Amino acid sequence: MGDLSDLATSVLDFASAGEELEVYAVHTVATTVQAGAGATIRLVDCAETRGIGIRLFHDQRVGYASTGDLRREALEASVARARANARASDPDPPNLPPDPQPAPLIGGPSRPPSPRPLADKIALVAEVTAAAEAIDPRVTAIDTAEYHDERRDIVVASTRGVRAQHELSWCTVWVETLGDHPAGRASDLGYWAGLDPGTVDPEALAREAVSRTVRLLGEPRRRPPDLPVLLDYTVVGDLLAAVGRACTGGALGNRRSPFAGWHGTPVASPTVTLIDDGTQRSGPYDDEGTPRRRTELITGGVLTGALHSTATAHAMGDGSSSTGNARRLTHRSAPRAAPADLQLEPTSHHDQMLINIGDAVVVQQLTGAGSGINPVTGRINVGAVGWLLRDGQPVGPVPTTSLTTDLLAFLQTVTHVADDGRPVPEHPVTAATLACDPELLS
């Protein structure tokens, strides 16, 4: 990573008098393996990318440019493009570069084990696929099984003296199974996320996918209207991701959030304490080089915090500072405030919660969640796919129903938060099973 750091700091020499530069340098190595029916490997992709993103600040204006060409002349040309973009932009006084801060007290995620051979990754996907096909005859096909790992070396350097570098790694393995029944088809997946794929149990992962699919097969049963509602961790992930986006400084400051103007007032049931913990999964620094931290957004049902980048904190005023939540999708994009790892504090042991609740309707999937959950207005209008829990056992699916509410009303129905939190696919959320009042589906 020393070469990447030297490269980033060398770009700072291209700043002219009165300018400030921030350089974001990243080196990414990723592997993806996919398999289909019969454990047939249909994709093996290994990719490596390097890139530089440059923010130039001058006269209360900001310009951005990026490049994947790391030759000196290309880097100098990119600074010139950022300079031209700044001149063409409108003044934006709150958009200032971060000041250097003390090193984080925590080191971020544990360092991953040594890279595994590609042959081992291919074998793992094939083994998961084969196991899923052999468990239950009601599962008639495998849609996809996938292994993906990624390692990013990241450096942030600025003329203000910011110097931050770290390595961020993760790995995911999942398999989606398809089931058939005269009453209809169903599908769902088993999912694992972590640092060491050597700890993956292929049989357990396959069984999770199969059991989640089989629970949705069969003749739909009538849904009693007065039963509590249990939300599966994937459903909770969809909902909390929208809550997190609505709790960023940009959304709150622009009043493009259902929580705008609610600071210090109840927005959820007293059971709800929502935290964004950037110290565990996201590395010690954010994408501006600011140390990550743990930020409480909702405390005992009361809105108490917001997620900030440097710019959104300055725009908000009132003494706000960056919470270490600046995020870039790639080196081609400027940073914006975004959640790192949203979590609800547990209130109940999972098994004891099920005993206390007894019978319930379990919502396992949301249909249309991508467009049906609006973090700007807070409106929720999605389909709820689930099954009936009776005496601790699934007894059949319930008819798909509509979940039509809003984020605040959803948070106000939460009665229990289980202690079974786990990372959610595609979202910066560690989600747990939630118990909610029956009116959530009324």
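Read-outs throughout are calculated quantities, based only on the coordinates presented, and are distinct from any laboratory measurement. Just so we're clear, the structure is a prediction, and the values are computed from it rather than from any experiment. We place every Cβ from the backbone using ideal geometry, glycine too, and count neighbours over all the protein chains shown.
Quick look at the values:
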| quantity | calculated |
| --- | --- |
| Phi-based couplings in Hz for the range 388-404 (Karplus 6.51, -1.76, 1.60; Gly and Pro marked x) | 9, 9, 9, 6, x, 10, x, 10, x, x, 10, x, 4, 10, 8, 10, 10 |
| Counting all C-alpha pairs of the range 195-332, share separated by more than 19 Å (%) | 64 |
| Helix axis angle, 2-11 relative to the chain longest principal axis, alpha carbon, degrees | 50 |
| Dimensionless Rg ratio for the range 2-214, taking C-alpha atoms and the 2.2 N^0.38 Å reference | 1.39 |
| Matching label, Rg/Rh (Cα atoms, Kirkwood Rh) computed from the structure shown, candidates (1) 1.00; (2) 1.04; (3) 0.96 | (1) |
| Efficiency of FRET between Leu195 and Ala119 - r from beta-carbon atoms, R0 25 angstrom, step 0.05 | 0.80 |
| Dipole of the chain [Lys/Arg +1, Asp/Glu -1 at C-beta], most positive-end residue of Ala80, Gly261, Ser114 | Ala80 |
| Cα Rg over Rh - the range 1-97, Kirkwood | 1.20 |
| Cα pair distances of the range 152-271 binned at 5 Å [whole percent] | 2, 8, 9, 11, 12, 13, 14, 13, 9, 4, 2, 1, 1, 0 |
| About the Cα centre, charge dipole magnitude for the range 2-214 (Lys/Arg +1, Asp/Glu -1 at Cβ), debye | 320 |
| The chain: angle of helix 233-246 to the longest principal axis, Cα-based, in degrees nearest 10 | 30 |
| Under 5 Å, built H, 5+ apart or other chain: amide partners of Val302 | Val267 |
| Rounded to the nearest 20 debye, dipole of the chain from Cβ charges on Lys, Arg, Asp, Glu | 820 |
| Distance between modelled label sites at Thr265 and Thr299, nm, 7 Å Cα→Cβ extension | 1.9 |
| Residues Val62, Val200, sorted so that the one with the fewest Cβ neighbours within 10 Å comes first | Val200, Val62 |
| Those residues of the range 210-236 whose amide nitrogen sits under 17 Å from the label point placed on Glu439, 7 Å along Cα→Cβ | 225-230 |
| Nearest 10 degrees, 0 to 90: helix 202-214 Cα axis against the chain principal axis | 60 |
| Thr40-Glu150 FRET efficiency (beta carbon distance; Förster radius 22 Å; 0.05 resolution) | 0.35 |
| Potential lengthening between Ala84 and Asp99 on full extension [0.36 nm per residue; Cα-Cα distance subtracted] | 3.0 nm |
| CD proxy at 222 nm, helix term only [per DSSP H run n ≥ 4: -39500 (n - 2.57); per residue of the chain; nearest 500] | -6500 deg cm²/dmol |
